[in-house]
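Student: Quick one: structure below, then a few questions.
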Amino acid sequence: MRTVALIGKSGTGKSHKAQLVAGQNNIEYIIDDGLLIYGNRVVTGISAKRESTKLGAVRRAIFQDPSHAAEVKNKIQELKVNGILLIGTSENMIAAICKALSLPKPEKVIKIEDISTPSEINTAQRVRNLDGKHVIPVPTLEIKKDFSGYLLDPLKIFYKKGKQDIIVAEKSVVRPTYSYLGKYTISDTTVSQIALYTARQVKGIAPGGRVIIENYSEGIILNLELVVEYGVPLKSLLTVVQDEVKKSVEYMTALNVLRVNVMAKKFYFKEGEA
């Protein structure tokens, strides 16, 4: 197996350049912050950015949890991976990852300073230090369930090819708990109010109703009981409500909405109707 290492201080833009470096070295797999990544997909692993402390994040990133290490190691063997790009803050960190996953020593070590300009590195560090933002080199949909409530932002990278813009890759920007001085929480009441307000904006839904929320580690399920105008086709109406509520709640709260269940609990009649 071939391994190549990309190293640089925390927040210098390594994950931002990971897919580019992997492609230049004819490597399809990446190990970054506890994840085994293939192309735009997370194959296995647990992201260090889900940890509540920086120490926990470091331990996760170098696979100090035996079960985590075994999971990734077994998947590498199962897939018969022939090349991996390892992302780390130092050669010592790369050595720790290789030891934990029984990987060979890197045939090449690339420093972030070799592939990024001082301006790019300074910008990356400023975003990390001021906003607490971290990049994960996979699309937002790929990790959304693992980062419910962590404020994910999609990030599309482009490069010029002639006169046409070509998308290189989609990455995700997250703000882990340890990047803040406090904890980010949203009450169920707030989520319910957002869901009900959104539902009532759909023509055919009347005031009233309620929302019951089911909370899970990977996201939430919303159960809406609504008052519906009599005579309006229910299936199409409630389908619109489902779509609009999911979109609004995810946009306003960064929570991953697993499912929206909508029930027409009562009917109302317009004035003048029997």
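Student: Can you give the extra length, in nm with one decimal, that the chain gains between Asn92 and Lys9 once fully stretched, where that is 0.36 nm per residue apart less the Cα-Cα distance?
Tutor: The Asn92-Lys9 span can extend by a further 28.6 nm.
Student: If you wrap a convex hull around the alpha carbons of the range 1-137, what volume per residue comes out, as a whole number of Å³?
Tutor: 96
Student: Separate question: Packing-wise, with mean Cβ within 10 Å as the measure, how do 90-101, 71-82 rank, highest first?
Tutor: Highest-to-lowest ranking by the protection proxy: 90-101, 71-82.
Student: Estimate the FRET efficiency between Glu214 and Arg41 by the formula 1/(1 + (r/R0)^6), using the beta-carbon distance for r and 22 Å for R0, to the nearest 0.05.
Tutor: 0.20
Student: So, one more: Positive end of the charge dipole of the range 186-266 (Lys, Arg +1 and Asp, Glu -1 on Cβ, about the Cα centre): tell me which of Ser248, Ala195, Gly208 has its Cα farthest that way.
Tutor: The residue sitting most towards the positive pole is Gly208.
Student: What's the whole-number percent of alpha carbon pairs in the range 1-76 lying beyond 16 angstrom?
Tutor: Everything past 16 Å amounts to 52 percent.
Student: For every other residue with a beta carbon closer than 13 angstrom to the beta carbon of Ala61, add +1 if it is Lys or Arg and -1 if Asp or Glu, then tell me the sum.
Tutor: +2
Student: Taking a threshold of 24 Å on the Cα-Cα distance, which of the pairs Lys247/Lys270; Lys203/Lys235; Lys203/Lys246; Lys80/Lys111 fall above it?
Tutor: Correct reply: Lys247/Lys270; Lys80/Lys111.
Student: From largest accessible area down, sort Tyr216, Tyr197; use a 1.4 Å probe on the protein chains.
Tutor: Largest accessible area first, the residues go Tyr197, Tyr216.
Student: Subtract the Cα-Cα distance of Asn122 and Met263 from 0.36 nm times their separation in residues, and report this length gain in nm to one decimal.
Tutor: 45.6 nm
Student: Right, next: Restricting to Cα atoms and excluding each atom paired with itself, what does the Kirkwood estimate give for the range 186-266 in Å?
Tutor: One over the average 1/r among Cα pairs gives 12.5 Å for the range 186-266.
Student: Kirkwood hydrodynamic radius, computed over distinct alpha-carbon pairs, for the range 42-90: how many Å, to one decimal?
Tutor: 11.8
The values are calculated or read from the model by the stated rules, or taken from the named source; none is laboratory data. Every value quoted in this text rests on a predicted model; they were computed, and no experiment measured them. Ideal geometry is used to build each Cβ from the backbone, glycine not excepted, and the neighbour counts take in all protein chains shown. Accessible surface areas use protein heavy atoms only, side chains included; no ligands, DNA or RNA. Shrake-Rupley method; radii C 1.70, N 1.55, O 1.52, S 1.80 Å.
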